[in-house]
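The values are calculated or read from the model by the stated rules, or taken from the named source; none is laboratory data. None of these values were measured; they are calculated from a predicted model. Virtual Cβ from ideal backbone geometry, glycine too; neighbours counted across all protein chains shown.
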Amino acid sequence: MLPAWTWFFLFKNMNGGGGTRLMPNAAAAPQLKLLCGADVLRTFQTPNLWKDEHIQEIVEKFGLVCVSRVGHDPKGYVLDSPILRKYQHNIHLAREPVQNEISATYVRRALSQGQSVKYLLPDPVIAYIRDHGLYTKDSSWQGTGTARGKGKAS
């Protein structure tokens, strides 16, 4: 079983894996993929952080979509890992048209330190975080993916 803190998102593969173009009336079914930044992809190589069988289960059964990060080489991470290299056909490296250095980890850390994320997230997301007391100074979000408590989200 995968760790509870692993987050999955739906990635609708509308174009046979060939890009992000959406085709009208496409009959392709949504596919479950791990969406992560290259910083997370790199952690697959960190000793004792991930179990090899968890990495294999993710990339073999589901696949992943990796968003670039400045200072990271996601293609290199894939080629350097025997497991990732074996399933590279199921790993999609997303190219951003505009460089974006904002990661979910950065946002969670800012919130847990009481900093504003007003210009980093859409207002409805900030409202949800605030209403549910997520990622506050008093909560422990690392390693669980969730947090409890009330705090400043704006």
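Residues that are of a type in the set (S, T, N, Q) and more than 11 Å from Val40 (Cα to Cα) within region 50-73 comprise just one, Gln56. Within region 103-117, residues that are over 15 Å from His132 (Cβ atoms) reach partners that are crowded, with 18+ Cβ neighbours inside 10 Å and not charged (D, E, K, R) with beta carbons closer than 6 Å, at six or more positions or on different chains, in the pairs Ser103/Gly37; Ala110/Val117. In this structure, Gly63 does not satisfy being modelled with pLDDT under 90 and surrounded by 15 or more Cβ atoms within 10 Å (Cβ to Cβ). When Leu120 is tested against the conditions (1) free of Cβ contacts under 8 Å to residues at least 24 places away in the same chain; (2) part of a helix (DSSP H, G or I); (3) in contact with a helix residue (DSSP H, G or I) (Cβ under 8 Å, 6 or more places away or on another chain), the lone failure is (2).
On inspection, Leu84 qualifies as over 15 Å from the mean Cα position of the chain (by Cα), surrounded by 15 or more Cβ atoms within 10 Å (Cβ to Cβ) and part of a helix (DSSP H, G or I). Of the set (1) over 17 Å from Gly37 (Cβ atoms); (2) in contact with a Gly (Cβ under 9 Å, 6 or more places away or on another chain); (3) crowded, with 17+ Cβ neighbours inside 10 Å; (4) modelled with pLDDT of 80 or more, all apply to Gly151 but (4).
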